[in-house]
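Chemist: I have a structure I would like to understand better, so I am pasting it below and will then ask my questions one at a time.
Where a number appears in this text, it was derived from the coordinates with a stated rule and is not lab data. Note that the structure is a prediction, hence the values are computed from the model and not measured. Don't worry about glycine lacking a Cβ; one is built from the backbone with ideal geometry, like all the others, and counts go over all protein chains shown.
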Amino acid sequence: MRIAQIAPLVESVPPILYGGTERVVSWLTEELVALGHDVALFASGDSVTEAALQPVVPCSLRLAGIHNSTPYNIIMLDQVASRQAEFDVLHFHIDFFHYPLFRRLAHKTLTTLHGRQDLPEMPDIYRAFPHMPLVSISGHQRKPVPPVNWRGTVYHGLPQGMLTEGSGQGGYLAFLGRICADKGILPAIEIARAAGLPLKVAAKVDPADQNYFQQQVRPVLASSPHVEFIGEIGDGQKSEFLGNAKALLFPISWPEPFGLVMIESMACGTPVIAFDSGSVPEIMEDGLTGFVVRDVAGAVAAVGKLDRLFRPSIRSRFEERFSARAMALEYVRIYRELANTDEAVAVAAE
């Protein structure tokens, strides 16, 4: 098939450091190429891919110091629209920016929702464009969305060889991702303290979260000798960071639509202790790949049960449920359904 992947421009594909959506777009794109499809990737010029890269800007907007991506998204959409006839399907990963321009081409578009959908303004955009084909990344993500044209739920997957199973010999608890209140850095610090274990924090601090970090997190770090703040890390460092950890802490307090760090940890054979919120009960298998708990006390108790889990089994469940190949094959199934719809629309128009 001839497939266009339309990625965010804030980060490169794949991102150098943090960037969940861009990372998933990269894994999907490379697997589609490996499966023999003709793929074009609309992204920043510093992206790296086996697909035909269509650079919209020279480098990722964050590295260029640009915080408003809207003008560049409009430029990208104009480029995609001018070339839409070259593709069987246009797969968008940029929320709903393309809706007005592509509403008449809805039958050959697909939009993956990567973010939270419980914000008050979201139902209105979906009611205005209910025919646009959508993919959710978890069942929980769908709950706030009014009736729309769902074409499937596709869990994220990452390449099986990207991360390797570790032994957990470092003996520490890990926190990976981004520093913000919703992600649970303060509960993670408290869990590690109460469990009597060191905590290593590999996390990004966005400009929007600088005040939170300076005013609420930094003072706690200063008074927490059991915590080592590493900062942002890339994919090449994750096998060591996660593989040597006794467990990953994921004490979120928001309706997480997927939670990529959970499957990254599972790929390293490292169990996850996660709060029961958002997609967590879908991704985690309580008592097998980690523990799903309600609060700090439950997480501390779960630390005491980690020795009951078998790291090779955690890795095996990752391979069975969350590989990039499985993700790509499910998307291809949906693409083919869209292509069949496209043919039916063309026949009806004759």
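Chemist: Give a residue-ordered list of calculated ³J(HN,Hα) values for the range 187-194 (Karplus: 6.51 cos²θ - 1.76 cosθ + 1.60, θ = phi - 60°; whole Hz; x for Gly, Pro).
Modeler: x, 4, 4, 5, 4, 4, 4, 5
Chemist: Given that just one value was derived from the coordinates, which of (1) 36, 21, 19; (2) 47, 26, 15; (3) 32, 26, 20 is semi-axes √(5λ) of the Cα gyration tensor in Å?
Modeler: Among (1) 36, 21, 19; (2) 47, 26, 15; (3) 32, 26, 20, the one derived from this structure is (1).
Chemist: Using a cut-off of 17 Å between alpha-carbon atoms, which lysines can reach LYS204, once sequence neighbours fewer than 8 places away in the same chain are excluded?
Modeler: LYS183, LYS238
Chemist: Check the straight Cα-Cα distances from LYS108 and name the lysines below 26 Å, setting aside those fewer than 8 residues away within the same chain.
Modeler: Cα-Cα hits under 26 Å: LYS143.
Chemist: Which whole-angstrom value gives the distance between the alpha carbon centres of the range 201-230 and the range 1-57?
Modeler: Centre-to-centre (Cα) distance: 32 Å.
Chemist: So, one more: Show me the chymotrypsin sites (Phe, Trp or Tyr not before Pro) within the range 37-89 that DSSP assigns to loop and that have at most 10 other Cβ atoms within 10 Å of their Cβ.
Modeler: none
Chemist: I've got another one for you. In whole Hz and in residue order, list the ³J(HN,Hα) couplings for the range 293-298 that follow from phi through the Karplus curve 6.51 cos²θ - 1.76 cosθ + 1.60, θ = phi - 60°; x for Gly and Pro.
Modeler: 10, 9, 7, 4, 4, x
Chemist: Also, quick follow-up: Roughly how many debye, to the nearest 20, is the charge dipole of the range 172-321 about its Cα centre, given +1 on each Lys and Arg Cβ, -1 on each Asp and Glu Cβ, and no other charges?
Modeler: Result for the range 172-321 is approximately 360 debye, rounded to the nearest 20.
Chemist: Rounded, prolate or oblate, given the Cα gyration tensor of the range 67-174, with a/c below 1.5 counting as rounded?
Modeler: Taking the square roots of the gyration eigenvalues as a ≥ b ≥ c, the range 67-174 is prolate.
Chemist: Return the loop-located chymotrypsin sites (Phe, Trp or Tyr not before Pro) in the range 253-323 (DSSP other than H, G, I, E, B) with at most 14 other Cβ atoms within 10 Å of their own Cβ; answer none if there are none.
Modeler: The qualifying sites are PHE310.
Chemist: Same structure, new question: Kindly put SER239, SER82, SER136, SER253 in sequence by how many other C-beta atoms sit within 10 Å of each C-beta, fewest to most.
Modeler: Listing SER239, SER82, SER136, SER253 from fewest to most nearby Cβ atoms yields SER82, SER253, SER239, SER136.
Chemist: Taking the Cβ-Cβ separation of ASP118 and LEU17 as r and a Förster radius of 25 Å, what is the calculated FRET efficiency to the nearest 0.05?
Modeler: So, using R0 = 25 Å, E works out to roughly 0.35.
Chemist: While we're here: Residues with amide H under 5 Å of PHE275's amide H, sequence separation 5 or more or different chain, H placed in the peptide plane at 1.01 Å from N; which?
Modeler: Placed amide hydrogens put PHE250, ILE252, VAL293 under 5 Å from PHE275.
Chemist: Right, here's the next one. Once the Cα atoms of the range 131-274 are picked out, what are the Rg and Dmax in Å?
Modeler: Calculated on Cα positions, Rg and Dmax stand at 16.7, 54 Å.
Chemist: Continuing with the same structure: Work out the length of the dipole vector of the range 154-238 about its Cα centre, built from +1 on the beta-carbon of each Lys and Arg and -1 on the beta-carbon of each Asp and Glu, and round it to the nearest 20 debye.
Modeler: In debye, rounded to 20, the range 154-238 gives about 120.
Chemist: What residue among ILE125, PHE318, GLY170 has its Cα farthest toward the positive end of the dipole of the chain, where the charges are +1 on Lys, Arg and -1 on Asp, Glu, each on the Cβ?
Modeler: Result: GLY170, furthest along the dipole toward the positive end.
Chemist: Using a 7 Å offset from the Cα along the Cα-to-Cβ direction at both ALA64 and ASP286, what is the distance between the two label points in nm, to one decimal?
Modeler: Here the modelled spin labels are 4.7 nm apart.
Chemist: Return the long-range amide H neighbours of GLY168 (sequence gap of 5 or more, or a different chain), with a cut-off of under 5 Å between placed amide H atoms.
Modeler: ASN244, ALA245
Chemist: Assign unit charges at the C-beta atoms only (+1 for Lys and Arg, -1 for Asp and Glu), then state the dipole size of the chain relative to its Cα centre in Debye, rounded to the nearest 20.
Modeler: Here the chain has a charge dipole of around 540 debye.
Chemist: Antiparallel DSSP bridges in the range 239-350: what percent, to the nearest 5?
Modeler: So the antiparallel bridges in the range 239-350 amount to around 0 percent.
Chemist: Let me ask something else. Could you pull out every one of the aspartates and glutamates with an alpha carbon less than 15 Å from that of LYS200, ignoring same-chain neighbours closer than 8 positions?
Modeler: Straight-distance partners of LYS200: GLU190, GLU228, GLU232, GLU240.
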